[in-house]
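A.B. asks: I'd like to ask some things about the structure below.
Quick note: the coordinates plus some simple rules give every number you see, no bench work behind them. This one's a predicted model, so the numbers in the text were calculated from it and none came from an experiment. Methodologically, a virtual Cβ is constructed for each residue, glycine included, from the backbone with ideal geometry; neighbour enumeration extends over all protein chains shown.
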Amino acid sequence: VHGGRKAALERLKAFDPRYYAGRNHLEGNVSGLSPYLRHGMVSMPEVARVLRTFKSGKDRDELLRQLTWREFFYRVMEQEGEARVLENLELPKYTARWTDTIPEDIRTAQTGLPCVDAWVSRLEGEGYLHNHERLWFGAYFVHFRKLHWKAGYRFFREHLLDGDVASNALSWQWVASTFSQKPYFMNKENIDRYSAGKWCRGCRAACPFDAPYETLERRLFGFSRGPQ
């Protein structure tokens with residue numbers, strides 16, 4: 001990532017919002033604007049003005065909608081205060097027993113799970129993860145390893161180029177269910193689908209994600225709401 005205002009404007013000018021169909025896939029097109037927004041090199045009003053020069057369509061409108069999440073998180077922090085968003089905004093929606101210390105195998109990308117180790121390596125090496133990778137890692141961290149979302153928040157803050165307080169903390173709380181109506185989690189099929197089999201196909205690890213959603217939900221939380 002090249003820093004500075006000039007690079008931010010070049011990135012914005014070059015971006016084509018026709019990314020909607022593939023945005024959830026790791027190989028899909030993403031805006032790459034988050035580090036520039038995070039560090040004030042470009043503003044949301046500027047981004048919105050440029051996007052509105054494109055013909056109306058679901059791609060442009062979806063990108064605008066995705067970018068408004070950042071504004072929403074800022075508004076929540078503005079209303080609640082920074083100290084408040086760094087604590088549970090709500091009680092978790094299941095009986096959670098989290099610990100605060102990140103195990104060494106996670107920090108050193110030695111969990112034995114190719115996908116998780118790749119996420120940690122990319123996070124530490126590039127300071128970036130695709131949004132889907134952030135959600136997957138967050139679910140693994142909080143629900144499968146029973147680690148407190150605040151430890152995950154701090155871990156991301158150490159490395160993410162776009163890791164502002166509001167978006168980072170509230171995204172972790174959304175995964176943990178302290179800022180959402182249910183915990184977010186995924187299974188192997190979901191990872192395989194959106195990564196185009198990058199890690200799952202041929203993986204011989206004992207995969208904790210390899211089960212239907214209903215089975216994982218009972219295993220992780222003690223209940224099942226049915227299909228996701």
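A.B. asks: In nm, give the distance between the simple-model label positions of Ala206 and Tyr94, each being 7 Å from the Cα along the Cα-to-Cβ direction.
C.D. replies: 2.0
A.B. asks: Amide H neighbours of Leu147 under 5 Å, counting only residues 5+ apart in sequence or on other chains, H built in-plane at 1.01 Å?
C.D. replies: It is Thr99, Val142, by chain and number.
A.B. asks: For Lys13 and Arg38 in the same chain, what is the full-extension length gain: residue separation times 0.36 nm, less their Cα-Cα distance, in nm?
C.D. replies: Additional length available on full extension: 7.2 nm.
A.B. asks: If N is the number of residues in segment 5-80, what value comes out of its Cα radius of gyration divided by 2.2 N^0.38 Å?
C.D. replies: Against the empirical 2.2 N^0.38 Å value, I get 1.11 for segment 5-80.
A.B. asks: Can you give the convex hull volume of the alpha carbon atoms of the chain per residue, in Å³?
C.D. replies: 132
A.B. asks: Where does each of 2-12, 191-201 land if you order them by average Cβ count within 10 Å, highest first? Spell out each step's value before the answer.
C.D. replies: Values: 2-12: 14.3, 191-201: 16.6.
The packing order, highest mean first, is 191-201, 2-12.
A.B. asks: Kindly rank 102-113, 150-161 from highest to lowest mean number of other beta carbons found within 10 Å of each residue.
C.D. replies: On the way: 102-113: 14.6, 150-161: 18.4.
By packing density, highest mean first, the sequence is 150-161, 102-113.
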